[in-house]
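Undergrad: Starting off with a structure, shown below.
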Amino acid sequence: SSNRVRPLLTFVLGGPGSGKGTQCAKIAETFGFLHLSAGELLRKEILSGGENGSLILDIIKEGKIVPSEITVNLILREIELTENRKVLIDGFPRTDENRIAFERIVGVGPDLVIFFDCPEEEMVKRLLSRNQGRIDDNIETIKKRLEIFDKLNLPVINYYSSKGKVHKIKAVGTTEEIFEKVNPIFASLSLN
Ligand code: AP5
């Protein structure tokens, strides 16, 4: 609401399986951020039988991209509901269209962007060994998610790079080793 200071917004980007969700959980815990995952919000919308649930299910099963208005409004609802002024948005924006819709609907862009840069064969290996049975973790859908990442998400990362907002992290090694590279970025922000 209007009398609140606007939140510190961080977009966390990277290919499928690059470790966005894993690292966001650690950032949230260490630095007190609210962690919003676009994919998670969409999956919740499916499960809750929300008005767009079955449309979203069909799109995710194919590894495709859900219409921007739906995703942006799910994110905005969470930002408006929380008192937390430090927000991580994991796996969003996916496309230039997403980015532009966010800026139009929310009225601001991110303060910073973290990009987890991970080799494709490593991402595939991680996703195939994930054992929570996600509907999109089969090799066919993984290939589509990787293609969409290259074609649609890399341009978003390049856009923010040109604005000087991107911190690029080489996302190989253990979760702890990667977090050691992430930690200083947040430690150097004044977060009070
Ligand atoms: P989303 O849920 O965002 O999935 P994703 O981008 O494909 O990424 P993942 O969650 O699979 O991987 P991650 O990078 O978070 O890695 P994680 O930490 O889990 O999106 C899913 C779908 O939703 C999209 O395909 C699309 O259809 C839809 N969608 C999402 N956003 C949208 C948008 N804005 N607009 C429209 N549609 C949208 O790690 C992966 C695995 O690796 C885990 O098992 C983990 O334990 C393991 N792991 C992590 N780090 C390491 C490490 N260092 N070493 C070894 N293993 C590791």
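Undergrad: Quick one: Debye curve from the alpha-carbon atoms of the range 83-192 only, equal weights, vacuum; give me log10 I(q)/I(0) at q = 0.20 Å⁻¹ to two decimals.
TA: Relative scattering, expressed as log10 I(q)/I(0), comes to -1.30.
Undergrad: Name the residues whose placed amide hydrogens come within less than 5 Å of the amide hydrogen of Gly14, ignoring near sequence neighbours (fewer than 5 apart) on the same chain.
TA: Excluding prolines and chain starts, which carry no amide H, the hits are Phe116.
Undergrad: Pull up the DSSP beta bridges for the range 8-180 and report the antiparallel fraction as a percent, rounded to 5.
TA: Just about 0 percent of them are antiparallel.
Undergrad: Using 7 Å Cα-to-Cβ label points, what is the Ser162/Ile185 separation (nm, one decimal)?
TA: 2.1
Undergrad: Per q in 0.08 1/Å, what log10 I(q)/I(0) does a Debye calculation on the alpha-carbon atoms of the chain return?
TA: Per q value, in the given order, log10 I(q)/I(0) is -0.24.
Undergrad: Right, another one. Which distance in nm do the two modelled labels at Glu177 and Glu121 give, with both placed 7 Å along the Cα-to-Cβ direction?
TA: 1.6
Undergrad: I would also like to ask the following. Can you give the relative contact order of the chain as a percent, counting alpha carbon pairs under 8 Å and 6+ residues apart?
TA: The value is 32 percent.
Undergrad: Taking the highest mean first, how do the peptides 35-42, 153-160 order by number of other beta carbon atoms within 10 angstrom per residue?
TA: Top of the packing list down: 35-42, 153-160.
Undergrad: Would you list Thr82, Thr10 from fewest to most Cβ contacts within 10 Å?
TA: Thr82, Thr10
Undergrad: What are the ³J(HN,Hα) values, in whole Hz, obtained from phi via the Karplus relation 6.51 cos²θ - 1.76 cosθ + 1.60 with θ = phi - 60°, for each residue of the range 152-158 in sequence order, with x given for Gly and Pro?
TA: My calculation for the range 152-158 gives 10, 8, 4, x, 5, 4, 4 Hz in order.
Undergrad: Give me Rg/Rg_expected for the range 46-110, where Rg uses Cα atoms only and Rg_expected = 2.2 N^0.38 Å with N residues.
TA: So the range 46-110 has a normalised radius of gyration of 1.16.
Undergrad: Shifting gears a bit: For the range 8-180, with only Lys/Arg (+1) and Asp/Glu (-1) charged at the beta-carbon, what is the dipole magnitude about the Cα centre, in debye rounded to 20?
TA: Magnitude of the dipole: close to 140 debye.
Undergrad: Got a sec? Charge dipole of the chain, +1 on Cβ for Lys and Arg, -1 for Asp and Glu; which of Val87, Ser18, Gly39 is way out at the positive end?
TA: Val87
Undergrad: Length gain on complete extension for the stretch Asn138 to Glu29, per 0.36 nm per residue less the alpha carbon to alpha carbon distance?
TA: Contour length minus the Cα-Cα distance gives 36.2 nm.
Undergrad: Once phi is turned into ³J(HN,Hα) by the Karplus curve 6.51 cos²θ - 1.76 cosθ + 1.60 with θ = phi - 60°, what whole-Hz value does each residue of the range 102-118 show in order, with x for glycine and proline?
TA: The phi angles translate into 4, 4, 6, 6, 8, x, 9, x, x, 6, 8, 10, 9, 10, 8, 9, 9 Hz.
Undergrad: How large is the helix-only mean residue ellipticity at 222 nm for the chain, computed as the sum of -39500 (n - 2.57) over DSSP H runs with n ≥ 4, divided by its residue count, in deg cm²/dmol to the nearest 500?
TA: -15500 deg cm²/dmol
Read-outs throughout are calculated quantities, based only on the coordinates presented, and are distinct from any laboratory measurement. The model shown is predicted, which means the values in this text are computed figures rather than measured ones. Reconstructed Cβ throughout: ideal geometry from the backbone, glycine too, with neighbour counts over all protein chains shown.
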